[in-house]
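The values are calculated or read from the model by the stated rules, or taken from the named source; none is laboratory data. Note that this is a predicted model, so its numbers are computed, not measured. Every residue, glycine among them, receives a Cβ derived from its backbone with ideal geometry; neighbour counts consider all protein chains shown. The protein model used for the area step is the full one, side chains on, heavy atoms only, and it has no ligands, DNA or RNA in it. Shrake-Rupley method; radii C 1.70, N 1.55, O 1.52, S 1.80 Å.
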Amino acid sequence: MTEEADVVVVGGGIAGLITARELGRKGLRVTVLEARDRLGGRVWTDHRLGRDLEIGGTWLHWTQPHAWSEVTRYGLDITRGPRPEEAYWLAGDEVRTGTLDGFMELIDPGMRRLLHETMQRIPRPHDPLSEPGLKDVDGANLRDKLDELDLPVEEYRANEAAWVGHFNAPLEDGAYTSALRWTAATAGSWHLMHEASAVFRLAGGTRSLVESIAADTDADIRTSTEVAHVEHDADGAVVTTTTGERITARRVVLTLPQNVLGGLPVSPALCAEKQAATEEGTASKGVKVWIRVRGPITPFFAYSSASHPLSVVRTEFVGDDDAVLVSFGADARRISPNDLDAVRDALRVWRDDLEVLEVTGHDWVADPLSRETWLIQQPNQLTRYFAAQQRAEGVLHFAGSDYANLWAGFIDGAIESGHRVAREVTAGLTETA
Ligand SMILES: Cc1cc2nc3c(=O)[nH]c(=O)nc-3n(C[C@H](O)[C@H](O)[C@H](O)COP(=O)(O)OP(=O)(O)OC[C@H]3O[C@@H](n4cnc5c(N)ncnc54)[C@H](O)[C@@H]3O)c2cc1C
């Protein structure tokens, strides 16, 4: 039997849910098809290690207009982890101990020099391709740009580790322009960029956002429903699931991550740029690990270097007799978030006094429904593919944080893209009505 909808949205992450909500408000019949057995996609609040942990996306900020608008709309409470009272970093083989402010002062000269051309290259972060000169630097990777600064080794390693925290990628794979985009979104301030991307979170978890949006739409939302094939022509599309259900629609919105989209069978095929972007893949192939240690401990922050399996670790929850740390590394192939021994060894680079009790995480890179963590482009992908990645193809439209203008790769970007595509779809349907 073939069902009918005005719009089928493929993917029940934040971008898909926002798209569905906005289209529903226009009176359209929307069906959301999500392959996982839960909504949220790359945001996922799960109860592990005795706490509600964010296995995927976590932090948001009032400088992220689309995310903050949702915070206000649903009255969501904001919280933050404990302020770090100690910081650890490396100078060669030696571990330095100080304060987070001291570490920030250490990386400040490198950050300023690295990012000095931010607003010249991306003067309008909501329109990242507005400056033609961007092409001149889009071929550079972040490693080469850091090397050009010729920093003293302690500053170099510290800057490197801070960037692994941001990029979740080997720095030689990540585009320098991705660093510029993040910093342009905070008007050139690296301090504010750092705060925006790593401090404040939802008290009720990202689950509270996902549930609020899902409860605010009449869309027919189906989980455990994977799309296997999309056929389209000028009049509409047929979406077929892996179990053989068929839904016809006037428009289809695909919200799949860059590393997944090109692998979905679509006929006629998606444009060459969208496919090439998937084949090349994003730079982001890192890992996020949650670690429960025996307590009490003093909240701390630690940075190593890009060559360590874990480059950044910080305290996110403190209890009376335990604490939970969150950590990031550049390459998920180098450390499994569920390997307690490997994680304990990785922590020893700074501290051998911590007793690791449990570890957990999710390998988003191996996960066939994401194949990446948060978007960091490879060199040249912004100027080669971005415009085509956003572009509709007949009745197919493309939402997703990876294709956002302002905070691409963030929760904010997912929301932005949902609004953009809902507007495009509504306009298209009004024209053809
Ligand atoms: C470890 C990690 C940490 C992060 N940290 C932050 C952070 O602190 N702050 C921040 O703002 N952002 C962060 N992010 C990024 C943020 O989570 C994402 O950018 C955002 O959630 C992406 O939303 P989306 O809807 O565009 O994509 P997704 O959430 O990936 O949604 C796409 C959906 O499509 C589904 N799907 C895929 N294929 C099919 C198919 N064939 N049929 C049906 N469904 C399919 C997927 O299951 C998924 O649910 C992080 C991400 C990760 C992984």
Give the peptides 224-232, 328-336 in descending order of average Cβ contacts within 10 Å, highest first.
328-336, 224-232
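Can you give me the accessible area per residue for the chain, using a 1.4 Å probe, in Å²?
Result: 38 Å² per residue.
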Vicinal HN-Hα couplings computed from phi for the range 335-343 (Karplus, 6.51 cos²θ - 1.76 cosθ + 1.60; Hz; Gly/Pro x):
7, 8, x, 10, 9, 4, 5, 5, 5
Using the Cα gyration tensor of the chain, the equivalent ellipsoid's semi-axes, largest first and to the nearest Å, work out to 37, 24, 19
Extending each Cα 7 Å along its Cβ direction at Arg348 and Asp150, get the distance between those two points in nm, one decimal.
3.8 nm
Probe radius 1.4 Å, ligands and nucleic acids left out: which of Leu375, Leu256 has the largest accessible area, and how do the rest follow?
Leu256, Leu375
Just check the range 103-189 against the gyration tensor rule for me: Cα atoms, a ≥ b ≥ c as the square roots of the eigenvalues, rounded for a/c under 1.5, and otherwise prolate or oblate depending on whether a/b exceeds b/c.
prolate
In the chain, what percent of the accessible surface is made up of carbon and sulfur (1.4 Å probe, ligands and nucleic acids excluded)?
46 percent
Once Lys and Arg are counted +1 and Asp and Glu -1 for all other residues with Cβ under 10 Å from that of Gly236, the total becomes -3
Working out 0.36 nm times the residue gap between Asp367 and Asp233, then minus their Cα-Cα distance, what length gain in nm do you get to one decimal?
45.2 nm
Which cross-chain or sequence-distant (5 or more) residues have an amide H under 5 Å from the amide H of Phe317, H modelled 1.01 Å from N in plane?
Val324
Theoretical gain in end-to-end length, Asp37 to Arg83 [0.36 nm per residue, Cα-Cα removed]
13.0 nm
If you average the sequence gap of Cα pairs under 8 Å that are 6 or more apart and divide by the length of the range 103-189, what percent do you get for the contact order?
44 percent
Farthest positive-ward along the range 103-189 dipole, Cα basis, beta-carbon charges - from Thr118, Pro152, Ala187
Ala187
What ranking do 77-87, 415-425 get when scored by the average of other Cβ atoms within 10 Å per residue, highest first?
415-425, 77-87
Residue by residue through the range 293-298, the couplings from Karplus 6.51 cos²θ - 1.76 cosθ + 1.60 with θ = phi - 60°, in Hz, x for Gly and Pro, are 10, 5, x, x, 10, 7
Which Cα, out of Gly81, Ala219, Ala91, lies furthest along the positive dipole direction of the range 66-223 (beta carbon charges, K/R +1, D/E -1)?
Ala219
Residues of the range 102-122 with the amide nitrogen closer than 11 Å to a label point 7 Å from the Cα of Asp136, along Cα-to-Cβ, please.
121
Could you size up the charge dipole of the range 53-159 around its Cα centre, putting +1 on the beta carbon of Lys and Arg and -1 on that of Asp and Glu, and report it in debye to the nearest 20?
420 debye
Can you spot the lysines whose alpha carbon is less than 30 Å from Lys288's alpha carbon? Ignore those fewer than 8 places along the same chain.
Lys145, Lys274
Place a +1 charge on the Cβ of each Lys and Arg in the chain and a -1 charge on the Cβ of each Asp and Glu, then give the dipole magnitude about the Cα centre in debye, rounded to the nearest 20.
700 debye
With the Cα gyration tensor of the range 41-160 giving a ≥ b ≥ c as the square roots of its eigenvalues, does the rule (a/c under 1.5 for rounded; else a/b larger than b/c for prolate; else oblate) give rounded, prolate or oblate?
oblate
Taking only Cα atoms, what is the 0 to 90° angle, nearest 10, from helix 14-25's long axis to the longest principal axis of the chain?
40 degrees
Ser267/Glu226 FRET efficiency (R0 22 Å; Cβ-Cβ; nearest 0.05)
0.80
For Arg96, the residues 5 or more places away or on another chain with a placed amide H closer than 5 Å to its own amide H are Trp89, Leu90, Ala91
With +1 at each Lys and Arg Cβ and -1 at each Asp and Glu Cβ, the charge dipole magnitude of the range 103-189 around its Cα centre, to the nearest 20 debye, comes out at 320 debye
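Between Glu195 and Arg113, 0.36 nm times their residue separation minus their Cα-Cα distance comes to what?
27.6 nm
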